[in-house]
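Below is one structure, written out as structure tokens, with a few remarks after it.
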Amino acid sequence: MGFPSVRMRRLRRTPALRHLVTNIRVHPSNLVYPLFVDENAKTPVPINSIPDYYRLPIDYVADATGKTLEQGVKAVLLFGIPSKRDETGSGAFAVDGIVQRGIRKLKNEFEDELVVMTDVCLCEYTTHGHCGIVKDKEIVNDHTLEFLQKMAVSHAEAGVDIVAPSSMMDGQVRFIREALDDSGFDEVAIMAYSAKYASCFYGTFREAVDSAPSFGDRKCYQMGYGNSDEALREMELDANEGADILMVKPALPYLDIISLAKSNFTAPVAAYNVSGEYAMVKAAARMGWLDEKAAVLELLTGIKRAGADIIVTYFAKDVASWLNQF
Ligand code: PBG
């Protein structure tokens, strides 16, 4: 059977028919909204490199989250900008640290209506800007694990639902799982940044949180973009170490990795549509070269079609409001 009895255009004739046969849809409840909580800010500070995005003082966090929830986005991912940094990133696990305060505020206000996630990594808290403990210009893997454990447990004590280790230290998922369990937090889940590539698309984020490394780069711990088998090994290790959700980051240049994640594992797959991917769209839209809404819907649907169950994106709130208009 083929043409003329088969005519593919029959099901494309009207919007209602096209909607009827659509099998991939982005839904607000699968989106995660990143939030920057800034200990130094008194009012929201616009982030140059992430247009229409702000570093928020703690008192603005609940309000911003409330607006996001209204659109049906039920998860936020917190990043902190501390007032002080040091060699070992001690602000990362301080009881009254900026992220710990953010978690408490949000869980008090929204309880279980909201999923609170946190990034577990030292780079925003260290003077050198690396994701781990540095000794003689080396980022020391095993010593860093103890610090990541403290950070994850301090987030759990504040009431976090999901911790997301992103420092790409070997064994981080296992160590964090053990520390959480030993401290009585066996219900706190782990979303592992498993296949996290060393990417130029984080440059915009590092400008936002001032975490660019003061020497070298992150290539000795984050993955090289020429590797795909290695992503499978990373994901397999993290799945075995107890990750509840496997993440691929960035999203758009790594749709094949998202697809591999989906076909090889049964855990939910998350994709991080990172700051540089956001900035590209914003810049082209501002120039009048792209229709922002059309571009974002097409891109996020592509990430979903590749196999992502969950998408972390700076567009979350906007895209949810557009989807709600359909
Ligand atoms: C922390 C971290 C980074 C991002 C998320 N968590 C920066 C980095 O690894 O350099 C980047 C997020 C983005 O660009 O949107 N390590």
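Working only within the stretch 278-317, note down all residues that are touching a Ser or Thr at 6+ places or on another chain (Cβ under 7 Å), in a loop (DSSP other than H, G, I, E, B) and more than 20 Å from Y202 (Cα to Cα).
G307
Kindly establish whether D142 is modelled with pLDDT under 95 and among the acidic types (D, E).
Criteria not met by D142.
Give me the residue from the stretch 234-274 that is closer than 20 Å to Y221 by Cα and hydroxyl-bearing (S, T, Y) and, out of that set, nearest to the chain's Cα centre (by Cα).
Filtering first and then ranking leaves Y272.
Across the stretch 19-35, what is the number of residues that are farther than 25 Å from A164 by Cα and within 16 Å of the ligand (Cβ to nearest atom)?
The qualifying residues number 0.
If only one of A195, A179 is farther than 24 Å from I47 by Cα and either outside any helix (DSSP H, G or I) or near the ligand (Cβ under 8 Å from one of its atoms) (or both), which one is it? Full working, then the answer.
Values: A179 fails: either outside any helix (DSSP H, G or I) or near the ligand (Cβ under 8 Å from one of its atoms) (or both).
Result: A195 is the single residue among A195, A179 that is farther than 24 Å from I47 by Cα and either outside any helix (DSSP H, G or I) or near the ligand (Cβ under 8 Å from one of its atoms) (or both).
For A179, all conditions in the list (1) surrounded by fewer than 22 Cβ atoms within 10 Å (Cβ to Cβ); (2) touching a strand residue (DSSP E or B) at 6+ places or on another chain (Cβ under 6 Å) hold save one; what is the number of the exception?
(2)
Yes or no: E124 modelled with pLDDT of 95 or more, in contact with a helix residue (DSSP H, G or I) (Cβ under 9 Å, 6 or more places away or on another chain), crowded, with 23+ Cβ neighbours inside 10 Å and among the charged types (D, E, K, R)? Break it down stepwise before answering.
Working: modelled with pLDDT of 95 or more: yes; in contact with a helix residue (DSSP H, G or I) (Cβ under 9 Å, 6 or more places away or on another chain): yes; crowded, with 23+ Cβ neighbours inside 10 Å: yes; among the charged types (D, E, K, R): yes.
In short, yes.
When you scan the stretch 150-168, do you find a residue that is over 27 Å from S83 (Cβ atoms), out of contact with any Lys or Arg (no Cβ under 6 Å at 6 or more places or on another chain) and more than 16 Å from the ligand (Cβ to nearest atom), even just one?
The initial filter retains those residues of the stretch 150-168 that are over 27 Å from S83 (Cβ atoms), namely none.
Within the stretch 150-168 (the criterion being over 27 Å from S83 (Cβ atoms), out of contact with any Lys or Arg (no Cβ under 6 Å at 6 or more places or on another chain) and more than 16 Å from the ligand (Cβ to nearest atom)), the answer is no, since none of the residues qualifies.
If I filter the stretch 318-325 for residues that are part of a helix (DSSP H, G or I), more than 22 Å from A189 (Cβ to Cβ), more than 16 Å from the ligand (Cβ to nearest atom) and touching a His at 6+ places or on another chain (Cβ under 8 Å), do I get at least one hit?
Yes, because at least one residue in the stretch 318-325 is part of a helix (DSSP H, G or I), more than 22 Å from A189 (Cβ to Cβ), more than 16 Å from the ligand (Cβ to nearest atom) and touching a His at 6+ places or on another chain (Cβ under 8 Å).
So, L145, is that one within 16 Å of the ligand (Cβ to nearest atom), assigned to a loop (DSSP other than H, G, I, E, B) and either farther than 13 Å from G89 by Cβ or not β-branched (V, I, T) (or both) or not? Show your work before the answer.
Numbers: within 16 Å of the ligand (Cβ to nearest atom): yes; assigned to a loop (DSSP other than H, G, I, E, B): no; either farther than 13 Å from G89 by Cβ or not β-branched (V, I, T) (or both): yes.
So L145 does not fit the description; no.
Would you mind stating whether S90 is crowded, with 17+ Cβ neighbours inside 10 Å, of a type in the set (S, T, Y) and out of contact with any Cys (no Cβ under 9 Å at 6 or more places or on another chain)? Please lay out each step first, then the result.
Working: crowded, with 17+ Cβ neighbours inside 10 Å: yes; of a type in the set (S, T, Y): yes; out of contact with any Cys (no Cβ under 9 Å at 6 or more places or on another chain): yes.
So S90 fits the description; yes.
Just give me the residues in the stretch 28-52 being touching a Phe, Trp or Tyr at 6+ places or on another chain (Cβ under 8 Å), under 15 Å from D210 (Cβ atoms) and crowded, with 20+ Cβ neighbours inside 10 Å, in sequence order.
F36, V37, I47, I50 - these are the residues of the stretch 28-52 that are touching a Phe, Trp or Tyr at 6+ places or on another chain (Cβ under 8 Å), under 15 Å from D210 (Cβ atoms) and crowded, with 20+ Cβ neighbours inside 10 Å.
From the set of residues in the stretch 206-247 that are within 14 Å of the ligand (Cβ to nearest atom) and not in a loop (DSSP other than H, G, I, E, B), which is surrounded by the most Cβ atoms within 10 Å (Cβ to Cβ)?
M247
The values are calculated or read from the model by the stated rules, or taken from the named source; none is laboratory data. Owing to the predicted nature of the structure, the values given are computational and were not obtained by experimental measurement. Every residue, glycine among them, receives a Cβ derived from its backbone with ideal geometry; neighbour counts consider all protein chains shown.
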